[in-house]
Amino acid sequence: MVPPGTEQQRSYLVEFKAIGSSVKVSAIDPVTLLEVSIVGPTTVSEAELSRLAVRKLEYMLRKQAVRSDTRSGIKA
């Protein structure tokens, strides 16, 4: 596991889709193809919604990494 603050900078794909008075924001990791979504009001800036979606994606990537490290056997 990589110590906090030493991760390499990663790039993610972020998509915005307006749905009435809400916006669905999807963030995708192009390496693992993991996708997460959030929904927020249209009054919030794209930068803030993007930041929140990326935070959720990074949380899920960390959670997935921890889960895969707990299995027995050979680890690459």
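Taken over the stretch 32-50, the criterion of being closer than 18 Å to L13 by Cβ and in contact (Cβ under 8 Å) with a residue 24 or more places away in the chain is satisfied by T32, L34, V36, E46, L49, S50. Does D69 qualify as being modelled with pLDDT under 95 and of a type in the set (D, E)? Criteria met by D69. Residues that are at pLDDT 95 or above, acidic (D, E), surrounded by 12 or more Cβ atoms within 10 Å (Cβ to Cβ) and touching a helix residue (DSSP H, G or I) at 6+ places or on another chain (Cβ under 9 Å) are absent from the stretch 46-65 altogether.
Among the residues of the stretch 18-32, what is the count of those that are in contact with a Phe, Trp or Tyr (Cβ under 9 Å, 6 or more places away or on another chain) and closer than 12 Å to E46 by Cβ?
2
The set of residues from the stretch 5-31 being within 24 Å of Q64 (Cα to Cα) and over 11 Å from the mean Cα position of the chain (by Cα) comprises G5, T6, E7, Q8, Q9, E15, K24, V31. How about the stretch 32-57: which of its residues are within 9 Å of the chain's Cα centre (by Cα) and either closer than 16 Å to A18 by Cβ or of a type in the set (S, T, Y) (or both)? Residues satisfying the conditions are S37, A53.
Among the residues of the stretch 8-47, the ones that are of a type in the set (K, R) and outside any strand (DSSP E or B) come to 1 in all.
The values are calculated or read from the model by the stated rules, or taken from the named source; none is laboratory data. Computed from a predicted model, the values in this text were never measured in an experiment. Heads up, the Cβs are rebuilt from the backbone with ideal geometry, glycines too, and the neighbour counts pull from every protein chain shown.
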